[in-house]
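Take a look at the structure set out below.
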Amino acid sequence: MGLFSKKKEETKSCCCGGSCTPETMKQAEAAKGVSGVKVLGSGCAKCNALESAVREALAELGMDTTIDHITDFTQIAACGVMTTPALVVDGKVVSYGKVLKKDEASALIQKVRG
(Lines give C-alpha, C1' and ligand atoms only; values in the text may rest on other atoms or scores of the structure.)
Protein backbone atom coordinates (compact mmCIF):
# COMPACT_ATOMS: atom_id res chain seq x y z
CA MET A 1 0.00 0.00 0.00
CA GLY A 2 1.20 3.44 -0.83
CA LEU A 3 0.16 4.98 2.47
CA PHE A 4 2.54 2.96 4.59
CA SER A 5 5.63 3.30 2.46
CA LYS A 6 5.78 7.09 2.50
CA LYS A 7 8.34 8.57 4.83
CA LYS A 8 7.48 11.59 6.87
CA GLU A 9 9.50 14.67 6.16
CA GLU A 10 11.58 15.60 9.15
CA THR A 11 11.33 19.20 10.12
CA LYS A 12 13.93 20.72 12.32
CA SER A 13 12.51 23.03 14.92
CA CYS A 14 13.52 24.02 18.37
CA CYS A 15 11.57 23.90 21.59
CA CYS A 16 10.02 27.31 21.00
CA GLY A 17 8.28 26.21 17.81
CA GLY A 18 10.85 27.71 15.46
CA SER A 19 10.27 31.35 16.41
CA CYS A 20 13.75 31.90 17.84
CA THR A 21 16.68 33.51 16.13
CA PRO A 22 20.38 32.79 16.60
CA GLU A 23 20.65 36.01 18.61
CA THR A 24 17.90 35.05 21.08
CA MET A 25 19.35 31.55 21.44
CA LYS A 26 22.78 33.02 22.23
CA GLN A 27 21.22 35.24 24.90
CA ALA A 28 19.32 32.30 26.37
CA GLU A 29 22.42 30.09 26.52
CA ALA A 30 24.41 32.90 28.16
CA ALA A 31 21.68 33.50 30.74
CA LYS A 32 21.48 29.81 31.59
CA GLY A 33 25.01 29.65 32.98
CA VAL A 34 24.85 32.73 35.20
CA SER A 35 24.72 32.09 38.93
CA GLY A 36 21.96 33.55 41.04
CA VAL A 37 18.29 32.95 41.70
CA LYS A 38 15.77 33.04 38.86
CA VAL A 39 12.02 32.63 38.74
CA LEU A 40 10.84 31.44 35.34
CA GLY A 41 7.30 32.18 34.25
CA SER A 42 4.98 34.41 32.30
CA GLY A 43 4.33 36.84 35.15
CA CYS A 44 1.02 35.29 36.23
CA ALA A 45 -0.22 35.16 39.83
CA LYS A 46 1.49 31.79 40.47
CA CYS A 47 4.85 33.05 39.21
CA ASN A 48 4.55 36.17 41.35
CA ALA A 49 3.62 34.04 44.38
CA LEU A 50 6.73 31.90 43.84
CA GLU A 51 8.89 35.01 43.56
CA SER A 52 7.43 36.35 46.81
CA ALA A 53 8.10 33.05 48.65
CA VAL A 54 11.67 32.95 47.34
CA ARG A 55 12.23 36.57 48.38
CA GLU A 56 11.03 35.74 51.92
CA ALA A 57 13.20 32.59 52.02
CA LEU A 58 16.30 34.53 50.97
CA ALA A 59 15.60 37.19 53.63
CA GLU A 60 15.17 34.47 56.27
CA LEU A 61 18.47 32.85 55.24
CA GLY A 62 20.22 36.23 55.33
CA MET A 63 21.25 36.02 51.66
CA ASP A 64 21.33 39.29 49.78
CA THR A 65 20.71 37.85 46.33
CA THR A 66 18.77 39.50 43.55
CA ILE A 67 15.98 37.53 41.95
CA ASP A 68 15.66 37.62 38.18
CA HIS A 69 12.14 37.03 36.86
CA ILE A 70 12.53 35.57 33.37
CA THR A 71 9.44 35.89 31.18
CA ASP A 72 10.99 35.21 27.77
CA PHE A 73 9.89 31.73 26.72
CA THR A 74 13.03 31.22 24.63
CA GLN A 75 15.17 31.65 27.74
CA ILE A 76 12.81 29.49 29.80
CA ALA A 77 12.99 26.70 27.22
CA ALA A 78 16.79 27.01 27.07
CA CYS A 79 16.84 26.10 30.77
CA GLY A 80 14.96 22.91 29.91
CA VAL A 81 11.75 24.03 31.59
CA MET A 82 8.40 23.33 29.94
CA THR A 83 6.16 23.87 32.98
CA THR A 84 6.10 27.14 34.89
CA PRO A 85 6.52 28.56 37.44
CA ALA A 86 10.05 27.30 37.92
CA LEU A 87 12.91 28.11 40.26
CA VAL A 88 16.55 28.10 39.17
CA VAL A 89 19.35 28.45 41.73
CA ASP A 90 22.90 28.94 40.45
CA GLY A 91 22.03 27.56 37.01
CA LYS A 92 20.29 24.44 38.35
CA VAL A 93 16.52 23.94 37.97
CA VAL A 94 15.35 22.96 41.45
CA SER A 95 11.58 23.19 41.03
CA TYR A 96 9.04 23.52 38.24
CA GLY A 97 5.28 23.35 37.84
CA LYS A 98 4.31 24.36 41.36
CA VAL A 99 4.27 27.30 43.73
CA LEU A 100 6.66 26.64 46.59
CA LYS A 101 6.06 27.77 50.13
CA LYS A 102 8.74 29.80 51.90
CA ASP A 103 10.04 26.77 53.81
CA GLU A 104 10.26 24.62 50.67
CA ALA A 105 12.10 27.35 48.78
CA SER A 106 14.46 27.86 51.71
CA ALA A 107 15.30 24.14 51.84
CA LEU A 108 16.01 23.98 48.10
CA ILE A 109 18.21 27.08 48.17
CA GLN A 110 20.19 25.69 51.12
CA LYS A 111 20.58 22.34 49.38
CA VAL A 112 22.09 23.93 46.27
CA ARG A 113 24.23 26.53 48.03
CA GLY A 114 25.05 24.51 51.13
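Cβ-Cβ distances below 7 Å connect the following pairs, each with a first residue in region 64-90 that is of a type in the set (Gly, Ala, Ser), a second residue that is assigned to a strand (DSSP E or B) and open to solvent by less than 60 Å² (accessible area, probe 1.4 Å), and a separation of six or more residues or different chains: GLY80/VAL93; ALA86/LEU40; ALA86/VAL93; ALA86/SER95. When the residues of region 72-99 are filtered to those that are at negative phi and loosely packed, with under 15 Cβ neighbours inside 10 Å, the one that is farthest from the chain's Cα centre (by Cα) is LYS98.
The values are calculated or read from the model by the stated rules, or taken from the named source; none is laboratory data. Computed from a predicted model, the values in this text were never measured in an experiment. Counting neighbours? That spans all protein chains shown, and the Cβs are built from the backbone with ideal geometry, glycine included. Just so you know, the surface numbers come from the protein's heavy atoms only, side chains and all, with ligands and any DNA or RNA stripped out. Shrake-Rupley method; radii C 1.70, N 1.55, O 1.52, S 1.80 Å.
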